[in-house]
Amino acid sequence: MQDILETSLGKLLKKTIAIIGCGRTDALVHASQFFFHTDIEENWDFDLFFRLNKILPDDIAVLDIIPMQGQPHARFDAIQRSYDYYIHTYKDPFLSNFSSLYRESNLDLDKMKAAVALLTLYNDYRGMCKCPDRIEHTLCYVSSAGLFMDANGDRLRFNISANRFLSKMIRIIVGRLLEIGQGEMSVDEFEYYLIHKQTPKIIIPAYPQGLYLSKVTYPYLDIPCRTTFSTILENSMAIDWQEV
């Protein structure tokens, strides 16, 4: 996405443009809210918002262009990021690229909920990081986490908010939650990795397409989510989620 935005802005402004995004995501991961900043000294005499959206591909939309004073930083100034992870347990061609399919109809939701409740009690997520030795530290301060289910019981949504996230951390957590729901891991074992900060030898993240960066908050900017889907997806995603 960064390369596409930089190329598109460069074509319109007729200069080399470098952008700084609020974070990086794996391939196939979505963002319903994402911020980036760039420094442009010259004024432009055309509708940049309209023309940028016109040349961007269909899967990227610019929702706002906000002039900022001083030196705000899209990545380092963010104080909270929120993610949603969507799971469907039945085959649905309309969801295959926007939610992760796990054919599990008898998940133990009570145990999964108990594991989710532990996430705000710990702040070192070394045990939920694929390559912890490659980064400076593994501290993440999770402010909230919740598990939700639709009325039919065949759709799940996991939501989590924190000041930062490690590489593949959320997908690893979701993978562990599914193992707990399937009876392949106990809640105590899940907590063991949080307490002892140990990375398992084998760690399998959940599929990427179910993950959404859903909100980014700054001390000086807190914009409500503006999620836009097709009619089919909008009806599917905007369901009545009930907390487990």
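Please verify whether the range 164-183 includes one or more residues that are touching a Ser or Thr at 6+ places or on another chain (Cβ under 6 Å), at pLDDT 95 or above and open to solvent by 20 Å² or more (accessible area, probe 1.4 Å). No, because not a single residue in the range 164-183 is touching a Ser or Thr at 6+ places or on another chain (Cβ under 6 Å), at pLDDT 95 or above and open to solvent by 20 Å² or more (accessible area, probe 1.4 Å).
So, Glu42, is that one closer than 30 Å to Leu177 by Cβ, more than 17 Å from the chain's Cα centre (by Cα), modelled with pLDDT under 90 and open to solvent by 40 Å² or more (accessible area, probe 1.4 Å) or not? Break it down stepwise before answering.
On the way: closer than 30 Å to Leu177 by Cβ: no; more than 17 Å from the chain's Cα centre (by Cα): yes; modelled with pLDDT under 90: yes; open to solvent by 40 Å² or more (accessible area, probe 1.4 Å): yes.
Considered against the rule, which asks whether it is closer than 30 Å to Leu177 by Cβ, more than 17 Å from the chain's Cα centre (by Cα), modelled with pLDDT under 90 and open to solvent by 40 Å² or more (accessible area, probe 1.4 Å), Glu42 comes out as no.
Taking the stated definitions as given, is Ile239 among the β-branched types (Val, Ile, Thr), at pLDDT below 95 and assigned to a helix (DSSP H, G or I)? So Ile239 fails the test. Within the range 120-134, the presence of at least one residue that is under 23 Å from Gln209 (Cβ atoms), open to solvent by 10 Å² or more (accessible area, probe 1.4 Å) and touching a Lys or Arg at 6+ places or on another chain (Cβ under 8 Å) is confirmed.
I'd like the residue in the range 26-39 that is assigned to a loop (DSSP other than H, G, I, E, B) and open to solvent by 50 Å² or more (accessible area, probe 1.4 Å) and, out of all such residues, is nearest to Arg75 (Cα to Cα).
Kept after step one, since they are assigned to a loop (DSSP other than H, G, I, E, B), are these residues of the range 26-39: 26-29, 32-35, 38-39.
Restricting the remaining residues to those that are open to solvent by 50 Å² or more (accessible area, probe 1.4 Å) gives 27-28, 34, 39.
Working: Ala27: 19, Leu28: 21, Phe34: 10, Asp39: 14 Å.
The residue in question is Phe34.
Can you find a residue that is open to solvent by 30 Å² or more (accessible area, probe 1.4 Å), among the hydrophobic types (A, V, I, L, M, F, W, C), at pLDDT below 95 and closer than 23 Å to Leu211 by Cα anywhere in the range 84-97? Within the range 84-97, one or more residues are open to solvent by 30 Å² or more (accessible area, probe 1.4 Å), among the hydrophobic types (A, V, I, L, M, F, W, C), at pLDDT below 95 and closer than 23 Å to Leu211 by Cα. Of the residues examined, Leu63 is one that is open to solvent by 30 Å² or more (accessible area, probe 1.4 Å) and in a loop (DSSP other than H, G, I, E, B). Scanning the range 195-207 for residues that are at pLDDT 95 or above and outside any loop (DSSP other than H, G, I, E, B) gives a single hit, Ile195. Test Lys14 against the stated conditions and say whether it is out of contact with any strand residue (DSSP E or B) (no Cβ under 8 Å at 6 or more places or on another chain), basic (Lys, Arg), open to solvent by 30 Å² or more (accessible area, probe 1.4 Å) and more than 30 Å from Leu166 (Cβ to Cβ). Yes; evaluated as a whole, the condition is true for this residue.
Just to be sure before I move on: is Ile180 within 19 Å of Phe148 (Cβ to Cβ) and more than 20 Å from the chain's Cα centre (by Cα) in the structure I sent? The answer is yes for Ile180.
Restricting to the range 184-225, count the residues that are touching a Ser or Thr at 6+ places or on another chain (Cβ under 7 Å), surrounded by 16 or more Cβ atoms within 10 Å (Cβ to Cβ) and among the hydrophobic types (A, V, I, L, M, F, W, C).
Taking the range 184-225 as the starting set, the residues that turn out to be touching a Ser or Thr at 6+ places or on another chain (Cβ under 7 Å) are 206-207, 209-210, 212-215, 225.
Adding the requirement that they be surrounded by 16 or more Cβ atoms within 10 Å (Cβ to Cβ) leaves 206-207, 209-210, 212-215.
Of the ones still in play, those that are also among the hydrophobic types (A, V, I, L, M, F, W, C) are 206, 213.
Of the residues in that region, 2 qualify.
The values are calculated or read from the model by the stated rules, or taken from the named source; none is laboratory data. The structure presented is a predicted model; accordingly, all values stated were derived computationally and were not measured. Reconstructed Cβ throughout: ideal geometry from the backbone, glycine too, with neighbour counts over all protein chains shown. All accessible areas refer to the heavy atoms of the entire protein, side chains included, with ligands and DNA or RNA removed. Shrake-Rupley method; radii C 1.70, N 1.55, O 1.52, S 1.80 Å.
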